[in-house]
Structure formats: C-alpha cells, structure tokens
Amino acid sequence: MPSARIFDHPMADEFLQAYCREASLTFLLGSTPWDIDEAMTEFGFDIGPFELQDQIGLDAIFQHINWGLLDYEQEHWALIPKRMFELGKLGKKTGAGWYRYPGGAGKVEDPIVADLALEEAHFARLQRNEYDTLDIQNRLLAAINQTASRLSASGDPSHASEELNLALKEFGFPNRQRIKLTYESSL
C-alpha cells in the first residue's frame, strides 16, 4: 500500500523525509530539537523540522516506516522516532511530540525528549558531539543536497531543474538560500 503524501509534489515529500531523518540523527548525535529548529529558522525556514513534525504529526511523517524491519545498527536516525511512537508522542494533536503542548497551547521544551537522545546514543554506543548552529545547518543542508542530486539524476534532464525548483518551493526551502544548494552546479 503506497503511503499518503504530505505535499502535492512527490519530490517535496522526499525532501521532507531526508530533512526529518537528518534532523533526528543530528539530535541523536549531539543536539536538541529546539536547537535544531532554531538553527533552521535562522537559516530561513519558516519552521524547524521538529516543530514541523509536531504540526503534521509524527504518525503522518513516518507512516511508511515499518519500525520492526529496520536495522537500527545501520539506521541510527530511527532510534529516537521509534521511541517517540512507543511513548505515544505523536505531536501537537496528542499534546506532546518533540515538544509538549500543555492545554493545547504553545510549545514547551520537553526534557524527557532531550533524555531520549542521551539514552539511545548510550545504548547504541554512539559518541555525542556538540553541534553549533552552522554545524546543524550544514548537516541538514547536506541531506537536502544529496536528495536533490539523487532526484535530478533520476529524472528527465530537460525538466529536472524546473521540477526540483517546484518541489523545493513546496517543501519550504528558503529562496534566499538557494545559492547554498550545490546540486545545481551539476545540472
């Protein structure tokens, strides 16, 4: 059964998946959801990846994942989202996701979520590092660039740039930051 799309443009969904996976991995390896959200809004996104997941719902974002079939030795990014599902933290609609939403109000940082990264990194024997704003932005931008390169290589070269532009716009990539997308140099 194919998964439902979040965006109208299928390529935009692929950008969303890469963005959310890298955000989860960056959190696991050395940051917090709120620091990552802040870094990406400073970069120019309207909303960071974790707040976006809370708004849409983690169940919708990751609906295509069969958690029981993943190899967590290879898919470290999935360790924390899997725990979020187990805890019923699916986003704003459940009152808690990456953030808490007491009384349905605005977001509040959740120390339980921050502790998940420490626990999961410890059990997976991963070393955590401290990432600054630029490190975070570079990691997530690299995931977007890799996705764009893969998508541009798989499509009709005469329409690749146009299709990617439409998908990036729908995904919410900040137009003023387009110069930082290196995949375009290969088109």
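Between HIS122 and THR41, what FRET efficiency follows from the Cβ-Cβ distance if R0 is 35 Å, with the result rounded to 0.05? Plugging the Cβ-Cβ distance into 1/(1 + (r/R0)^6) gives 0.75.
By how many degrees, 0 to 90 and rounded to 10, does the Cα axis of helix 157-171 deviate from the longest principal axis of the chain? Tilt of helix 157-171: around 30 degrees.
Lys and Arg at +1, Asp and Glu at -1: add these up for the other residues within a Cβ distance under 15 Å of ASP46 and post the number. Spelling it out: positives minus negatives among the neighbours equals -3.
For LYS92, the aspartates and glutamates whose Cα falls under 20 Å of its own Cα, not counting residues fewer than eight places away in the same chain, are ASP35, ASP37, GLU38, ASP46, GLU51, ASP54, ASP59, GLU109, ASP110, ASP115. Computed from the C-beta positions of LYS93 and ASN175 and an R0 of 35 Å, the FRET efficiency is 0.70 to the nearest 0.05.
For the chain, the mean residue ellipticity at 222 nm estimated from helices alone is -17000 deg cm²/dmol, where every DSSP H run of n ≥ 4 contributes -39500 (n - 2.57) and the total is divided by all residues, rounded to the nearest 500. What Kirkwood radius, in Å to one decimal, follows from the Cα pairs of region 1-58? That comes to 12.0 Å for region 1-58. Here LYS180 is the anchor, and the lysines within straight C-alpha reach of less than 19 Å, apart from those fewer than 8 places off in the same chain, are LYS169.
For LEU134, put the label point 7 Å out on the Cα→Cβ axis and report which residues of region 28-68 keep their amide N under 20 Å from it. Those under the cut-off are 30-32, 35-45.
If the label point is 7 Å along Cα→Cβ of GLN55, which residues in region 125-147 have backbone nitrogen under 20 Å from it? It comes to 137, 140-141, 144, nothing else. Dipole check for the chain: with +1 at the C-beta of Lys and Arg, -1 at the C-beta of Asp and Glu, and the Cα centre as origin, the magnitude is about 160 Debye.
Of the residues TRP34, TRP98, ALA60, the one whose Cα sits farthest towards the positive end of the charge dipole of the chain is ALA60 (charges of +1 on Lys and Arg Cβ, -1 on Asp and Glu Cβ, taken about the Cα centre). In the chain, the longest principal axis of the Cα atoms and the axis of helix 111-123 are about 80 degrees apart. With a Cα-only, solvent-free Debye model of the chain, what are the log10 I(q)/I(0) values at q = 0.17, 0.18 Å⁻¹? Log10 of I(q)/I(0), two decimals: -1.15, -1.27.
Bear in mind that the values in this text are calculations on the coordinates, not laboratory data. Bear in mind that the values here come from a model prediction, so they are computed numbers and not experimental data. Virtual Cβ from ideal backbone geometry, glycine too; neighbours counted across all protein chains shown.
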